[in-house]
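Please treat every number below as a calculation from the coordinates, not as lab data. Given the structure is predicted, the values throughout are model-derived calculations rather than measurements. Cβ coordinates were reconstructed from backbone atoms using ideal geometry, including for glycine residues, and neighbour counts include every protein chain displayed.
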Amino acid sequence: MEATPALVDGCAAGDLVEIDHAGRVSVIERGGNLAVQSFSEHDAFDVDQVETLREAWAVEGGLVEAPPHLRFVVVTVPARIGFPRIEAITNRWSETTGSGWSFGNVFDKEGTPLNWW
């Protein structure tokens, strides 16, 4: 995958995936990135909020992407950074926006950790 999807859980940029005839995505090989997703609690994030997140992740090698309408953001971040650092950066930003966030490729549909990292 070239980019981390916001609406497809289980994968991130850098993963080698297969899409079956029904549109289901299966990860063939992990690329080492975690997907972090945040959807605005309001109509959209503002440009400054997204830029603040970009600046926070730039230092860590993370990539922040958002569509023009800014209703959600997706962060692609190397898993090697570690969960405590990823959670600290994301929680700090999330507190300023009032929006929650989640990992897109850490848990299965039942909430069990995938443990690929």
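Neighbour counts of C-beta atoms inside 10 Å place PHE72, PHE107, PHE45, PHE83 in the sequence PHE83, PHE107, PHE72, PHE45, starting with the fewest. Taking the C-alpha atoms only, the angle from helix 47-58 to the longest principal axis of the chain is near 60 degrees. Net length available on complete extension from GLU18 to ARG30 is 3.1 nm, with 0.36 nm assigned per residue and the Cα-Cα distance removed.
One chain, two ends: ASP46 and PHE83. Fully extended at 0.36 nm per residue, the span grows by 10.7 nm beyond their Cα-Cα distance.
The angle between the Cα long axis of helix 83-97 and the main principal axis of the chain comes to about 40°, on a 0 to 90 degree scale. Shape class for the stretch 16-103, computed from the alpha carbon gyration tensor (a ≥ b ≥ c): oblate, with a/c not under 1.5 and a/b at or below b/c.
By the beta-carbon count within 10 Å of each Cβ, the least crowded to most crowded order of GLU65, GLU95, GLU51, fewest first, is GLU95, GLU51, GLU65.
Scan the stretch 1-93 for trypsin sites (Lys or Arg not before Pro) in coil per DSSP, keeping those whose Cβ has at most 15 other Cβ atoms within 10 Å, and list them by number.
ARG24, ARG71
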